[in-house]
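Let me begin by presenting the structure, written as structure tokens, before commenting on it.
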Amino acid sequence: MNRRDFLAAAAATPLAAQTARPNVLFIAVDDLDCRIGCFGDPVARTPNIDRLAARGVRFERAYCQYPLCNPTRSSVLSGRYPVNTGVLDNNTWLPLREGESILPRYFERNGYATAEFGKIWHGPNRGFRPDDPMPKIGGWFTVDERRQQQKADAAYWENHQSPYRNMRPPEPKQFAWANVYGPLPDDDPGVDAPIADKALAQLDKMTGAGKPFFLSVGFHRPHVPLTAPKKYFDMFDPAEMRLPADFDTEPRPIPGVPRDEFRANIDLFAARSFSVHEAREAMRAYYACTAYMDAQVGRLLDRLATAGVLENTIVLLWGDHGWHLSEKGMWAKGTLFETSARGPLIVSDPRRTKGQASKRVVQYLDIAPTLASLCGLPKAPWHEGTPLTPLLDNPRAEWSRPAYTVQARGWFIGRSVRTERWRYTEWDEGRRGSALYDHDADPNEMRNLAADPKQEATVGELRKLLRSGPVSRDPGA
């Protein structure tokens, strides 16, 4: 379907059909990884996300297309790969082509009442067409401006933007605000409770409006600074924090693993090593912030129930990427390791399978076409993902699609492909190294098998899969 046919089909949709459609509660969580009870974490206190999972399907192998806020959100909301949007950092605007809409506006064009609260986009980035006026905010660039800057100064990314910086320590003062963790003062409700308050008030208005609604709610925690009300910290004992199998006290290269697989710490412990005690305290803070956010999710689910619309509302919850908590000495995101690329995805459709998990490999890029399909909307021609409806009907259904993730490192990018068994990554098309990890035998990705003669055939197959995928070779192309 071309864009003209799509717009005609959307305009021709009868109002009666629109009002019969299910509602959507779209919940985005910043920096939330899979340290969640229903994903098997024994420490997490997430009863509300767990009960959401009990009403739907949790995807245990869901992968972002770029492990950083602005690129991943731009990808999900536009339905396009980061290398195709051109958004590969936190300071580039999302360009929209003629006829395209980001996800909430797409539903709005098809008869839905919409509203957004909290962090749905990254900062002011809501998608812009070439003739749209750009907000006057310093430090932001169009894709063309960013490309011109890269061409004019080959070292620009290396010197100014890249969180990697060849493992050179970042300036600690620049990131001092992020290196905070601990309980808030007693009179501080935290950043997410007010977001839930506003969303609940809007939900009350929407449930009586006679139209299906698409309500987007974005929670900030567990993004740094890792602060939340004290009662959530009281739920956890630092001594019970389990250090990961690949724990280290600072990022340091592993023999045989490409150097570009690693990044310097910024969000926590910038420019210094950390102790086991500090790691456990920071992990406790992450769990506390997750428990605080989970309480806000519970408030939304409770209101859907009391308003009588829970059985006609699709609830989708996702964390925008994974998060290192001392794995390989790293904190936060920005790597192509499993810990950073994988995140939680739960889809609850009252009309479909409940309380099951799918181990199939899926992409966050599939979110937009999935919601469109579930709600009976015309297929958007710019969406590059695949609806997950077969897996919502049968979580064990055959599904052979891989997941693609990219990460910029200065003027080049790393490209990674994930299948059910393997992760294969190339840095600068392999010129700066490749990595192959066998997740059946090495789930912590400690042994790079890319140079193993026994894996030559596997590397060849995955290289072909990676290079035939929808991943551009040039971040400035």
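We did not get these values from a lab; they are worked out from the coordinates using the rules stated. Given the structure is predicted, the values throughout are model-derived calculations rather than measurements. For neighbour counting, all protein chains shown are included, and Cβ atoms are generated from backbone atoms with ideal geometry for every residue, glycine included.
Counting Lys +1, Arg +1, Asp -1, Glu -1, what net charge surrounds residue 365 among other residues with beta carbon under 11 Å of its beta carbon?
0
Within the chain, helices built from complete DSSP H runs that reach 30 Å or longer along their own axis (Cα positions) and carry a mean Kyte-Doolittle hydropathy of -1.0 or higher are 276-306. Remark: region 326-477 carries a charge dipole of roughly 220 debye about the Cα centre, counting +1 on each Lys and Arg Cβ and -1 on each Asp and Glu Cβ. Residues 122, 321, arranged from fewest to most other Cβ atoms within 10 angstrom of their Cβ, appear as 122, 321.
Given R0 = 51 Å, the distance between the Cβ atoms of residue 173 and residue 465 translates into a calculated FRET efficiency of 0.70.
Mind checking the dipole of the chain: about its Cα centre, +1 per Lys or Arg Cβ, -1 per Asp or Glu Cβ, Debye to the nearest 20? Don't skip to the end; give the middle numbers.
Numbers: 63 positive and 59 negative charges, 196 e Å.
Dipole magnitude for the chain comes out near 940 debye.
Ordering 250, 145 from the fewest to the most neighbouring beta carbons within 10 Å gives 145, 250. Remark: spin-label model distance residue 149-residue 129 equals 2.6 nm, labels positioned 7 Å along the Cα→Cβ axis.
Rounded to whole Å, give me the distance from the Cα center of region 371-425 to that of region 38-94. Answer, in whole Å: 11.
Sorted ascending by nearby beta carbons within 10 Å, beginning with the fewest, 275, 340 become 275, 340. Which one of 77, 292, 29 has its Cα pushed farthest toward the positive end of the charge dipole of the chain, where Lys and Arg give +1 and Asp and Glu give -1 at the Cβ? It is 77. Each Cα pair under 8 Å and six or more residues apart adds its separation to the average, and for the chain the resulting relative contact order is 26 percent. With K and R counted +1 and D and E -1, the other residues having a Cβ less than 13 Å from that of residue 311 yield a net charge of +3. All other residues whose Cβ lies under 12 angstrom from that of residue 197 are scored, Lys and Arg at +1 and Asp and Glu at -1, for a net of +1.
Per 0.36 nm of contour for each residue apart, how much would the distance between residue 209 and residue 311 grow if the chain were fully extended, relative to their Cα-Cα spacing? Write out the running numbers ahead of the final one.
Numbers: separation 102, 0.36 × 102 = 36.72 nm, distance 1.72 nm.
My answer for the length gained is 35.0 nm.
In whole Å, what is the distance between the alpha-carbon centres of region 327-363 and region 213-287? One Cα centre to the other: 17 Å. Using DSSP to call loops (not H, G, I, E or B), can you name the trypsin sites (Lys or Arg not before Pro) in region 335-416 whose Cβ has at most 14 other Cβ atoms within 10 angstrom? Qualifying residues, ordered by number: 351, 354, 379, 396. Under the combined filter of DSSP loop state and at most 16 neighbouring Cβ atoms within 10 Å, region 341-446 retains these GluC sites (Glu not before Pro): 398, 420, 429. Between residue 398 and residue 442, take the C-beta separation as r, use R0 = 30 Å, and let me know the FRET efficiency to the nearest 0.05. Using R0 = 30 Å, I get an efficiency of 0.70.
Between residue 250 and residue 451, full extension at 0.36 nm per residue minus the direct alpha carbon distance yields a gain of 69.7 nm.
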